[in-house]
Amino acid sequence: MLRIGIIGYGYRMNDLVKEMMATGELKITAIMDRDIELVKTRFINALGWKDITYYSDAKKMMDSEKLDGVCIGTWCNSHTEYAMLVSQYNLPIYLEKPVCTTEEDLARLKSITHINDQIVVSFPLRPSRMITYAKELIDSGKIGEIAHIEAINNVPYATGYFHKWYREERITGGQFLQKATHDLDYINYLLGGMRPVRVCAMKSKQVFKGDKPAGFKCKDCPDIKTCPESPQTPENIIKAASGGIIGEYCCYSEDNTIEDSGSLIVEYDSGLHVTYTQDFVARYGAGRRGAYIIGSKGSIEFDFYSNQIKLYHHYENITEMHSFGSIGGGHFGGDSQLIRNFIGVIKGEESSKTTLKDGILSAEMCLAAKKSSIEHVFVELDTSYMD
């Protein structure tokens, strides 16, 4: 069994751990977290695990344990700190996205790209069956040369972003780093060797704004029976009963500092440009995540929620339909693929498929989009570290 240490154990990491346990090759032997008792009561006790050593200090864990790999799943603004720490021990790392939330941390990460192939960044959309098949269709030449991409992410489960800690931009870095980082990564992958050269963007808050005081909680609100965002709506009661997490803070309070929509344009070195829009207002059937890829001979349209890829031929009235059956596992099957890749990296059998450089590139694009949306300027990118 490969011995794994975890730094930061929350709901996302718990989902990944389930994927790890399903392989039968990994064993969690050490956990570092800022609230060990909460980790035990919320996760570990239910799993019935034994023989785990707990730490409140990550360096002490690294110095004390004999590990084969480390997973980092802390709050976003400390991903870089712990990646820098673990990199000193020459161990494979599974690093949650975004890899950083500030320009300063981005620069720090660029100093450890020498261990690039040992770091698996949590970009599960790239190895998902939808994207790998779209890449196969592109590489087959059926749509010719890619001329343009229009991508969209209408997030139907966004309640958690405005009712929990995600609502604090100082922790998350903002919504581009939370969601666009995934989509920009798979777009970079589909475009092969093309390099992004500049970004412009806009963002706004149109729905989740208000004058409720900072720290205001739903339980204290006189509108708890009528507010559509209330934890006491029939939908949220059902969700909570089935184990779903309903945040406790009011999404209309002053300390909700993240936007609820954003758009960006990326120019690549070939002259091609990509448009991307995300919103956090859509619900249920309005959810969409995918792209329209226009080529010289044909176009591909795909949506993760419908599990379909359509290929339109430009010079014949033919449309190909590619439908996928139910794919188990998180992120449309991509989580399990990344965990298996992580195991391969630990064993020395393969390199990371979603590398640190990929994580840095996506984060740089998202930070550029954030800067552009605030300063209303085009932001130039330096991708020399990708060489």
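The values are calculated or read from the model by the stated rules, or taken from the named source; none is laboratory data. These numbers come from a predicted model, not from an experiment. Note that each Cβ is placed from the backbone with ideal geometry, even for glycine, and that neighbours are counted across all protein chains shown.
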### Query
Quick check: anything in the stretch 345-354 hydroxyl-bearing (Ser, Thr, Tyr), modelled with pLDDT of 95 or more and in contact with a strand residue (DSSP E or B) (Cβ under 7 Å, 6 or more places away or on another chain)?
yes
### Message
Go through the stretch 101-131 and report how many residues are within 23 Å of ALA368 (Cα to Cα) and either over 21 Å from the mean Cα position of the chain (by Cα) or part of a loop (DSSP other than H, G, I, E, B) (or both).
### Response
9
### Summary
For the stretch 208-218, the count of residues that are in a loop (DSSP other than H, G, I, E, B), out of contact with any Phe, Trp or Tyr (no Cβ under 6 Å at 6 or more places or on another chain) and more than 22 Å from HIS376 (Cα to Cα) equals 5
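Table: residues versus (1) under 22 Å from ILE343 (Cβ atoms); (2) in contact (Cβ under 8 Å) with a residue 12 or more places away in the chain.
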site	(1), (2)
MET1	yes, yes
GLY8	yes, yes
ARG12	yes, yes
ASP15	yes, yes
LYS18	yes, no
ILE31	yes, yes
THR41	no, no
SER56	no, yes
### Query
For THR181, all conditions in the list (1) touching a Pro at 6+ places or on another chain (Cβ under 8 Å); (2) of a type in the set (Ser, Thr, Tyr); (3) closer than 24 Å to LYS310 by Cβ hold save one; what is the number of the exception?
(3)
### Message
Can you tell me which of (1) surrounded by fewer than 22 Cβ atoms within 10 Å (Cβ to Cβ); (2) not in a helix (DSSP H, G or I) is the one ILE138 doesn't meet?
### Response
(2)
### Summary
Note on the stretch 346-374: residues out of contact with any helix residue (DSSP H, G or I) (no Cβ under 6 Å at 6 or more places or on another chain), surrounded by 17 or more Cβ atoms within 10 Å (Cβ to Cβ) and β-branched (Val, Ile, Thr) are ILE346, THR354
#### Entry: Residue check for ALA134: over 15 Å from the mean Cα position of the chain (by Cα) and without any contact (Cβ under 8 Å) to a residue 24 or more places away in the chain
no
### Query
Can you name the strands (runs of 3 or more DSSP E) wholly within the stretch 13-76 that have at least 2 residues being out of contact with any strand residue (DSSP E or B) (no Cβ under 9 Å at 6 or more places or on another chain) and surrounded by 14 or more Cβ atoms within 10 Å (Cβ to Cβ)?
none
### Message
I'd like to check something: does the stretch 371-385 contain any residue that is modelled with pLDDT of 95 or more and under 24 Å from ILE6 (Cα atoms)?
### Response
no
## Note on the structure
Scanning the stretch 187-226 for residues that are surrounded by 18 or more Cβ atoms within 10 Å (Cβ to Cβ), basic (Lys, Arg) and over 30 Å from SER128 (Cβ atoms) gives LYS212
### Task
Would you mind stating whether ILE112 is touching a residue at least 24 places away in the same chain (Cβ under 8 Å), surrounded by fewer than 23 Cβ atoms within 10 Å (Cβ to Cβ) and assigned by TED's automatic domain parsing to the domain that holds LYS371?
no
### Task
Enumerate the helices (runs of 4 or more DSSP H) found wholly within the stretch 154-206, keeping only those where 1 or more residues are more than 15 Å from the chain's Cα centre (by Cα) and hydrophobic (A, V, I, L, M, F, W, C).
159-163, 181-190
